[in-house]
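One structure below.
The values are calculated or read from the model by the stated rules, or taken from the named source; none is laboratory data. On a predicted model such as this, the values are computed, not experimentally measured, just so you know. Neighbour counts run over all protein chains shown; Cβ positions are idealised from the backbone, glycine included.
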């Protein structure tokens, strides 16, 4: 099994942090379907230090929502440390991950996320400060480069992260300039794996059991992150586990099972989201569309879901689909 500092991962298949997605209700459904390790949504270090209620709501958890890790975003080492300490005082995290991977323009403007890859100095300073100041392991999520770097550039940065105290590297197989399009660079991930002695977790297009196996076999990575592949598909965790063990594919879920799991997901959202009903329903519509897109002849239903105004009407509408 893979160890991150003193912590042993319970599985090779981890739920990635996804902003606006991996809230408590999402994690509860994922755990019910085989996700044995999850991340909270990414949190902004500045927002934590400002004690913003919305940010702390993102750290809401419950019994059974463990093991779990926290990923923080920022560009100031001391603020990142202050935020990490505040988070550790509130949640029982296995480790703290530093985001050096987010390619969003608003994040790059703040010189955070994947911007930290440009020369690596701030990133390594942050790793070093947190690793020497916290009781938990510190990891880093990175990409295969910012723009046009060579594989040797990213492997050199990975080694710098390791020497700065990183306990593991999570790496998305695309550069910042690629965003989420284009081919995943498995060879670059393998080069990073070969360059360091700490665990490497691969990420990017883990959308099916076959692609999960491809990520593991082509990169030699120790584990994988599942992100977009879990949207409306919480079964992906047990499906990947089954495929890795037996090589067999699970049968496609039918309409009834999909509707039942969707309704349970929505019920968790209704219970746990800390906002008014109109805002809840807005997010619920997005979640419902994730599930419905996998069902045949659901175009009309998806259109109707997009217009529904209440939780109760949404459940009735889902029940009516067959």
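Values computed for the structure shown
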{"read-out": "Residue under evaluation residue 159, criteria (1) in contact with a strand residue (DSSP E or B) (Cβ under 9 Å, 6 or more places away or on another chain); (2) at pLDDT 95 or above, criterion not met", "value": "(1)"}
{"read-out": "Failed criterion for residue 268 (all others in (1) assigned by TED's automatic domain parsing to the domain that holds residue 17; (2) modelled with pLDDT of 95 or more; (3) surrounded by 16 or more Cβ atoms within 10 Å (Cβ to Cβ) hold)", "value": "(1)"}
{"read-out": "Residues (farther than 20 Å from residue 231 by Cα and surrounded by 13 or more Cβ atoms within 10 Å (Cβ to Cβ)) located in the range 276-285", "value": "277"}
{"read-out": "Residue list for the range 286-322, filter: in contact (Cβ under 8 Å) with a residue 60 or more places away in the chain, surrounded by 12 or more Cβ atoms within 10 Å (Cβ to Cβ) and more than 27 Å from the chain's Cα centre (by Cα)", "value": "321"}
{"read-out": "Within the range 38-58, considering residues that are more than 17 Å from residue 81 (Cα to Cα) and buried (at least 21 other Cβ atoms within 10 Å of the Cβ), the one nearest to the chain's Cα centre (by Cα)", "value": "39"}
{"read-out": "Residue that is nearest to residue 180 (Cα to Cα) [pool: residues in the range 216-235 that are in contact with a helix residue (DSSP H, G or I) (Cβ under 7 Å, 6 or more places away or on another chain) and in a helix (DSSP H, G or I)]", "value": "229"}
{"read-out": "Matching entry among 47, 61, 11 (being touching a helix residue (DSSP H, G or I) at 6+ places or on another chain (Cβ under 9 Å) and closer than 24 Å to residue 116 by Cα)", "value": "47"}
{"read-out": "Members of the range 120-143 that are within 15 Å of residue 76 (Cα to Cα) and part of a loop (DSSP other than H, G, I, E, B)", "value": "120"}
{"read-out": "Failed criterion for residue 88 (all others in (1) more than 20 Å from the chain's Cα centre (by Cα); (2) surrounded by fewer than 17 Cβ atoms within 10 Å (Cβ to Cβ) hold)", "value": "(1)"}
